[in-house]
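Here the structure comes first, spelled out in structure tokens, and everything after it is commentary.
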Amino acid sequence: MKKHSQATNVVIKFEQVKQHITIYYTDNGIGIAKNTSFNNGLSNTGNRIKTIHGAITFDTQTDKGLKIQITFPVA
């Protein structure tokens, strides 16, 4: 977080609703551009999440910082 986003504050929230777990990540760093190409690290993460029938969403609409939501079913 500190290395890539230059964030000084990070919030991670875990939530289970019925048979799904959602992880919310928010930071106050530099954010991510809409046209960012995902290199090996994020591509591999996305592929792993898809393998377990989950989804990852990047909120690029924030003025500053980054918001990510990861959802996957309970095994």
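Only helical runs count toward this figure. For the chain, summing -39,500 (n - 2.57) over DSSP H runs of n ≥ 4 and dividing by all residues gives -5500 deg cm²/dmol at 222 nm. Between 0 and 90 degrees, the angle of helix 40-51 with respect to the longest Cα principal axis of the chain falls at about 20 degrees. For the range 53-58, the Karplus equation 6.51 cos²θ - 1.76 cosθ + 1.60, evaluated at θ = phi - 60°, returns couplings of 6, x, 9, 10, 10, 9 Hz by residue, with Gly and Pro reported as x.
Once backbone amide H atoms are built at 1.01 Å from N, His20 has Val74 as its partners under 5 Å, excluding neighbours fewer than 5 places away on the same chain. How high is the relative contact order of the chain? Use alpha-carbon pairs under 8 Å, at least six apart in sequence, and give a whole percent. It rounds to 35 percent for the chain. Per-residue extension of 0.36 nm, minus the Cα-Cα distance of Gln69 and Ser37, leaves a gain of 9.7 nm for this segment.
Taken about its Cα centre, the chain carries a charge dipole of roughly 120 debye when the Cβ of each Lys and Arg holds +1 and the Cβ of each Asp and Glu holds -1. Estimated from the Cβ-Cβ distance and a Förster radius of 22 angstrom, the FRET efficiency linking His53 and Ile23 is about 0.90. Can you classify the chain as rounded, prolate or oblate using the Cα gyration tensor, where a ≥ b ≥ c are the square roots of its eigenvalues, rounded means a/c under 1.5, and otherwise it's prolate if a/b beats b/c and oblate if not? Since a/c reaches 1.5 but b/c is at least a/b, the shape of the chain is classed as oblate.
Each value in this text was obtained by applying a stated rule to the coordinates, not by laboratory testing. The model shown is predicted, which means the values in this text are computed figures rather than measured ones. Note that each Cβ is placed from the backbone with ideal geometry, even for glycine, and that neighbours are counted across all protein chains shown.
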